[in-house]
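Below you'll find the structure, written out as structure tokens, and then a few comments.
Values quoted throughout were computed directly from the atomic coordinates according to the rules given, and no laboratory measurement underlies them. Being a predicted model, the structure only gives us computed values, none of them experimental. FYI the Cβ positions are ideal-geometry reconstructions off the backbone, even for glycines, and counts take in every protein chain you see.
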Ligand code: G3I
């Protein structure tokens, strides 16, 4: 039996990752758990467009490198997040359009992937490009208005920038096959594979709600894998109305187990990343007031029932230390 979640995941060749915030690396309770339990790291904000290219053509990797260096010094791999996205664009990019914006996107991908060439094994090249409106179509954005081919241009640019990196499309609300958005993304990936657009993986963010893990999550992952791409769970958290109580925490634990089991049952599902370590710092209450408690450790850094559930799903029993 393994004694950390990362080691439990590694027994099947998978990873267990977390989002790391550079501003929290001075919190020793945070870094103790981060260094012990995970073998994959995503920068929560530090490799995004506003962070890495605050002025056009002037790249800044100081915060991104802080996360990267911490991860590597602690023996972890790094997922890159994210190169082309409608959100968290710096002001100069928000005001661009047309061919100027298209070129700025290409230059941004080249600049960031060039800096991390050979260092970052997988990138979320394009993030959240599909709409939640039930149409299955693209989200309106300045990038989308440069032409429907912006996503494939982003992937072709990324492949040329670092041919060794795995290139992912990453989105939320694509965990359930019956959702139109899922099928929109699926059709894009199928089209890309048919036409030779370089895409290697799909990330299912999985910002879920307690009691609402889609029953067909495993089949959904398998459908995408059958297109010839790897799949991974990239931003898992399972939120509830707060405060939490024992019943909600038990349901949450069962939900975490279902999600990790879904990944374990799909050969091409290579790992699970949770979107943070502790409920103390989760993004959820900022965006959904009155909700939270979505992660595996509570706000006091105590393991929640979800911890043992994830451990079991990876095929290990949770370790109980008996000191006599
Ligand atoms: O750093 C500033 C700080 O100086 C300022 O005082 C404070 C006041 O608002 O804002 C701080 O920046 C915030 C930043 O997080 C760092 O905490 C931003 O306002 C806030 O918008 C930003 O939120 C991030 C969010 O992405 C932005 O879209 C969250 O931390 C991050 O967890 C979240 O992550 C996204 C994924 O990238 C994509 N999928 C969804 C996921 C959750 O929204």
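Here are a few things to note about the model shown:
- Between helix 62-73 and the chain: long-axis angle, C-alpha atoms, 0 to 90°, nearest 10: 50 degrees
- Each stretch of four or more DSSP H residues adds -39500 (n - 2.57); spread over every residue of the chain, this sum gives -11000 deg cm²/dmol at 222 nm.
- Fewest neighbouring Cβ atoms within 10 Å first, the residues 48, 193 line up as 193, 48.
- Between helix 98-115 and the chain: long-axis angle, C-alpha atoms, 0 to 90°, nearest 10: 50 degrees
- Seen against the Cα atoms of the chain and their longest principal axis, helix 180-195 is set at about 60 degrees.
- At q = 0.06, 0.09 Å⁻¹ the log10 of I(q)/I(0) for the chain amounts to -0.19, -0.44, computed by Debye summation with a single uniform scatterer per C-alpha, solvent ignored.
- Computed over segment 137-276: relative contact order in percent, which uses C-alpha pairs under 8 Å that are six or more apart: 22 percent
- Counted by neighbouring Cβ atoms within 10 Å, the residues 33, 120, 20 run from fewest to most as 33, 120, 20.
- Inter-centroid distance (Cα atoms) of segment 268-307 relative to segment 14-79, Å: 17 Å
- Beta bridges by DSSP in the chain, antiparallel share as percent, to the nearest 5: 10 percent
- Cβ-based exposure ranking for 123, 92, in which fewest neighbours within 10 Å come first: 92, 123
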